[in-house]
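The values are calculated or read from the model by the stated rules, or taken from the named source; none is laboratory data. Remember, it's a predicted structure, so these values are computed and weren't measured experimentally. Every residue, glycine as well, gets a Cβ built from its backbone with ideal geometry; the counts of neighbours run over all protein chains shown.
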Amino acid sequence: MLLFVIISFVTYISDVMLINLTELNIPPEHIPYILNSFPILAESCVANSECPYKSVVGTNVCWGYEANCNKNNSYHVRPRCPGDHRGWVKTKEAQYDTFYTQADFGYIKEQIQELMVMCKASYPSDSSLECSKYLRFCRGRNLMLNFTSLTGRGDNLRYKMDILGPGQIGGHCHLYSERLKQESEHMSALQSWAPEMVNFVKTLQRPISDGMCDITIDKPTYIMKLDATVNMYHHFCDFFNLYASLHVNSTHPSTFSRDNHILIWETFTYESAFQDAFKAFTKNAIWDLKKFRGKVVCFKNVVFPLLPRMIFGLYYNTPLIYGCERSGLFHAFYKHLLHSLNVKLHLRSNDKVRVTLLSRGTTYRSILNEQAIVEALLKVKGYHVQRVMYDRTVPFTEQLEITHNTDIFIGMHGAGLTHLLFLPDWAAVFEVYHCEDPNCYSDLARLRGLKYVTWEDKTKLTQQDQGHGPGGVSHSKFTNYSFDVEEFLRLVEICAAYVRNRQDFKNFVEASTLKQYHEEL
C-alpha cells in the first residue's frame, strides 16, 4: 500500500510539472484560487521565469469548499441576504449558511464531504469507485463498461435506465455492495447514476492490465446524461452541473484542462443550438454511445457528473431560501464560460443604458404591441435600444456577446431568459410577464445576483385569450399579450435607475472613456 501512495505522489508531481497555467481553461481572476488550491503548481510558477502569475502566488484566497478555507477569504462574490427569511430559519447567519449550502460553493463542499468509497483499490493497477450521496456524482479509475448489448437496439436510446445490465460495469477492487445498494434510492434517469451503478460488479481480472477491454480510453472522460438540448434553460442545467462537477472532482489542477473526452449517454448524435458551450469544457469532439456499441471499453479516469434534475439539485430543483441572492458558484460559472468562448465587454462611448428586448418568434407569449413599445423606448434619450431574436440564424457566441453587453435584458417568460446568466454584474432583468410561473427566472436572477423586475398590475395588460395548452388545458403560457406602454416604460426606468446607481457600472463607463481618450491621443 505504501508503494502505491509513493507511486501516486510521484506521478502527481510529474503531471503538475507538465501543466502550463496558460494552457488551462481558467479565467485570469480565477488563477489565484487555483494556485492556492494546488501549492505545487504555485511553486512551479515561481520557478518558471516565464510564468505570468507570480504576483498572485501566495494570495490567501479559496473557493469555499476547501477544508481549511476561511469564509472571509472564499470566492470574492459571496451571497448577501438583505431580505426576510420568512421563518425558515431563526437567525441571519443561519439564513446565509442555508443559501450557501443550497446554491453556492457550500453545495460543492457538501458533495465532497459526502463522497464514499464504493470500490476500494489495493494496488495502482486496481480499479476504484467513489460516489456522493444517492450516487449523484461518481468518479472512478480503471473501470470497465460493457456496451455489447447495445447492438441491435437502434439509434433512439435516450433517458433509458437499461443501457447497462448486471455485470456490465465494474472493476477489480474491494466492492462495498451493500453501501452501493443503500445509496440507490433516487432511481431515475436524470436524478442519479443509480440505474447504472446498481449493475457494478467486482471483476476477477484487472480490466486494463489484464486486457479485458476492446478499447482503452487514456484521457479523462466525463459521461453525461443530458436534459432537453433544444431548450436553453434545461440544457444549461447540464453545462452548469458539469462545471460544478469540475470543482467536486478538483483533486488535480488538470481538472480545468480541456484535453478530455465527453461521452453523451445516448445513441442520438448530439446536436444543439447551444453546443458551442461545450467548448468551455473540451477541445475534442463530443461522443455518443454509438461510438462504443458492441465494444467493451476501459476508462482510466472517468467522471459521472452531477445531473440536471437531481432532487434539491442545481439549478432546476434548487429550493432557495427567501431573502438571499448572489451565488459565487453561479458567478464563477458565468466567468468560466465567457472566458472560454472569448466573449468580452465592449468599451462604452457614452453612459447610455443599453436595453435589449428579446423578441419571440413563437406561437405563444408574444408581445402583440411590441413595435409600439420599442418605438417608445427609442424616444428615451438615456437608452440605447435594440430588439433581437435569438434563433438559429444568430450563432450562440454572438448571442452571448449581445447579452453580455446589455444593461437591461427584457423578455417574456421563456427559456431565452436563461441568457440572464451572462449579463454583467450591474445588469437588471425585466421578465415582462411570468405567465403564472413567478419563481423560475426570478430565482435564476437571484442566483446570479441581478436586479429582477416583472409586471405588477394585471389591469394594465391584455391577455389575447384564455390560453390553449396541450390537451385543451387553459394556461397563461399558451397565449399572447398586449401591455400598457407607459407602465412598460415605468418598469424599464426602475431597472435603468438601478443600473445607473451601480458603482461598477459607473466605473466601467469611466474606464471606457479614459481608454478611448488615450487611444485617440
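Got a sec? Which of ARG348, ARG360 is within 21 Å of MET232 (Cα to Cα), of a type in the set (Lys, Arg), out of contact with any Leu (no Cβ under 7 Å at 6 or more places or on another chain) and in a loop (DSSP other than H, G, I, E, B)? Break it down into steps so the answer makes sense when it comes.
On the way: ARG348 fails: within 21 Å of MET232 (Cα to Cα).
Checking each option against the conditions leaves just ARG360.
Which of the residues that make up segment 249-269 are outside any strand (DSSP E or B) and under 23 Å from MET161 (Cβ atoms)? Working first, answer last.
Residues of segment 249-269 outside any strand (DSSP E or B): 249-260, 265-269.
Scanning segment 249-269 gives TRP265, GLU266, THR267, PHE268, THR269.
Answer yes if at least one residue in segment 177-189 is in contact with a Leu (Cβ under 6 Å, 6 or more places away or on another chain) and more than 27 Å from THR269 (Cα to Cα), and no otherwise. If you could, list the steps in order and put the result at the bottom.
Of all residues in segment 177-189, those in contact with a Leu (Cβ under 6 Å, 6 or more places away or on another chain) come to 183.
The next check asks that each one be more than 27 Å from THR269 (Cα to Cα); those that pass are 183.
Yes: one or more hits.
Cβ contacts < 6 Å: first residue in contact (Cβ under 8 Å) with a residue 24 or more places away in the chain, restricted to segment 129-158; second residue basic (Lys, Arg) and part of a loop (DSSP other than H, G, I, E, B), any location; separation 6+ or different chain. Result?
These pairs meet every condition: PHE147/ARG293; PHE147/LYS295; LEU150/ARG293; THR151/ARG293.
So the check is Cβ under 6 Å with 6+ separation or different chains; which pairs have a first residue in segment 100-114 that's among the basic types (Lys, Arg) and a second one that's surrounded by 20 or more Cβ atoms within 10 Å (Cβ to Cβ) and not in a helix (DSSP H, G or I)?
LYS109/TYR65
Being out of contact with any helix residue (DSSP H, G or I) (no Cβ under 9 Å at 6 or more places or on another chain), surrounded by 15 or more Cβ atoms within 10 Å (Cβ to Cβ) and of a type in the set (A, V, I, L, M, F, W, C) is true for just one of VAL453, VAL509, VAL429, VAL473. Which residue is that?
Values: VAL453 fails: out of contact with any helix residue (DSSP H, G or I) (no Cβ under 9 Å at 6 or more places or on another chain); VAL429 fails: out of contact with any helix residue (DSSP H, G or I) (no Cβ under 9 Å at 6 or more places or on another chain); VAL473 fails: surrounded by 15 or more Cβ atoms within 10 Å (Cβ to Cβ).
VAL509 is the lone residue from the list that is out of contact with any helix residue (DSSP H, G or I) (no Cβ under 9 Å at 6 or more places or on another chain), surrounded by 15 or more Cβ atoms within 10 Å (Cβ to Cβ) and of a type in the set (A, V, I, L, M, F, W, C).
Can you list residue pairs whose Cβ atoms sit under 6 Å apart, with the first residue in segment 451-465 being touching a residue at least 24 places away in the same chain (Cβ under 8 Å) and farther than 30 Å from ARG502 by Cβ and the second being of a type in the set (Val, Ile, Thr) and in a loop (DSSP other than H, G, I, E, B)? Count only pairs 6 or more apart in sequence or on different chains.
Once the first residue is touching a residue at least 24 places away in the same chain (Cβ under 8 Å) and farther than 30 Å from ARG502 by Cβ and sits in segment 451-465, its partners that are of a type in the set (Val, Ile, Thr) and in a loop (DSSP other than H, G, I, E, B) give GLN464/THR479.
For every residue, the table says whether it meets (1) surrounded by fewer than 16 Cβ atoms within 10 Å (Cβ to Cβ); (2) modelled with pLDDT under 95.
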| site | (1), (2) |
| --- | --- |
| SER37 | no, yes |
| LYS54 | yes, yes |
| TYR65 | no, no |
| ARG86 | yes, yes |
| CYS138 | no, no |
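So PHE478 clears everything in (1) of a type in the set (Phe, Trp, Tyr); (2) in contact with a helix residue (DSSP H, G or I) (Cβ under 7 Å, 6 or more places away or on another chain); (3) within 18 Å of SER366 (Cβ to Cβ) except one condition, right? Which one?
PHE478 satisfies all of (1) of a type in the set (Phe, Trp, Tyr); (2) in contact with a helix residue (DSSP H, G or I) (Cβ under 7 Å, 6 or more places away or on another chain); (3) within 18 Å of SER366 (Cβ to Cβ) except (2).
Scan segment 283-306 for residues that are surrounded by 20 or more Cβ atoms within 10 Å (Cβ to Cβ) and more than 30 Å from ASP210 (Cα to Cα) and report the count.
Of the residues in that region, 1 qualify.
Residues are listed down the side, and each one gets a yes or a no for (1) part of a loop (DSSP other than H, G, I, E, B); (2) touching a Phe, Trp or Tyr at 6+ places or on another chain (Cβ under 6 Å):
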position	(1), (2)
SER442	no, yes
LEU447	no, yes
VAL453	no, yes
GLU456	yes, no
THR462	no, no
GLY467	yes, yes
GLU487	no, no
CYS495	no, yes
ARG500	no, no
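Kindly indicate whether any position in segment 321-330 is at pLDDT below 95, of a type in the set (Ser, Thr, Tyr) and not assigned by TED's automatic domain parsing to the domain that holds LYS279.
The answer is yes, given that some residue of segment 321-330 is at pLDDT below 95, of a type in the set (Ser, Thr, Tyr) and not assigned by TED's automatic domain parsing to the domain that holds LYS279.
For LYS283, are the conditions met, namely being over 30 Å from THR203 (Cβ atoms) and charged (D, E, K, R)?
The answer is yes for LYS283.
Could you pull out the residue among ARG309, ARG354, ARG258 that is closer than 27 Å to THR397 by Cα, charged (D, E, K, R) and in the same structural domain as ASP437 (by TED's automatic domain parsing)?
Numbers: ARG309 fails: in the same structural domain as ASP437 (by TED's automatic domain parsing); ARG258 fails: in the same structural domain as ASP437 (by TED's automatic domain parsing).
Checking each option against the conditions leaves just ARG354.
Is it the case that THR269 is modelled with pLDDT of 95 or more, within 25 Å of SER188 (Cβ to Cβ) and out of contact with any Phe, Trp or Tyr (no Cβ under 8 Å at 6 or more places or on another chain)? If you could, list the steps in order and put the result at the bottom.
On the way: modelled with pLDDT of 95 or more: yes; within 25 Å of SER188 (Cβ to Cβ): yes; out of contact with any Phe, Trp or Tyr (no Cβ under 8 Å at 6 or more places or on another chain): yes.
Yes.
For segment 157-164, indicate whether the set of residues that are out of contact with any helix residue (DSSP H, G or I) (no Cβ under 9 Å at 6 or more places or on another chain), of a type in the set (Phe, Trp, Tyr) and under 30 Å from GLN275 (Cα atoms) is non-empty. If you could, list the steps in order and put the result at the bottom.
Just the residues of segment 157-164 that are out of contact with any helix residue (DSSP H, G or I) (no Cβ under 9 Å at 6 or more places or on another chain), to begin with: 158-159.
Those left that are additionally of a type in the set (Phe, Trp, Tyr): 159.
Of the ones still in play, those that are also under 30 Å from GLN275 (Cα atoms) are 159.
Yes, some residue in segment 157-164 is out of contact with any helix residue (DSSP H, G or I) (no Cβ under 9 Å at 6 or more places or on another chain), of a type in the set (Phe, Trp, Tyr) and under 30 Å from GLN275 (Cα atoms).
Any idea which residue in segment 377-418 is farthest from MET232 (Cα to Cα), counting only those that are touching an Asp or Glu at 6+ places or on another chain (Cβ under 8 Å) and in a helix (DSSP H, G or I)?
Filtering segment 377-418 for residues that are touching an Asp or Glu at 6+ places or on another chain (Cβ under 8 Å) and in a helix (DSSP H, G or I), the one farthest from MET232 (Cα to Cα) comes out as THR397.
Would you point out the residue of segment 251-283, among those that are hydrophobic (A, V, I, L, M, F, W, C) and more than 16 Å from the chain's Cα centre (by Cα), that is farthest from PHE333 (Cα to Cα)? Before the answer, list the steps.
Applying the first criterion (hydrophobic (A, V, I, L, M, F, W, C)) to segment 251-283 yields 256, 262-265, 268, 273-274, 277-278, 280-281.
Now restrict to residues that are more than 16 Å from the chain's Cα centre (by Cα): 263-265, 268, 273.
On the way: LEU263: 21, ILE264: 21, TRP265: 23, PHE268: 27, ALA273: 19 Å.
The extreme case among them is PHE268.
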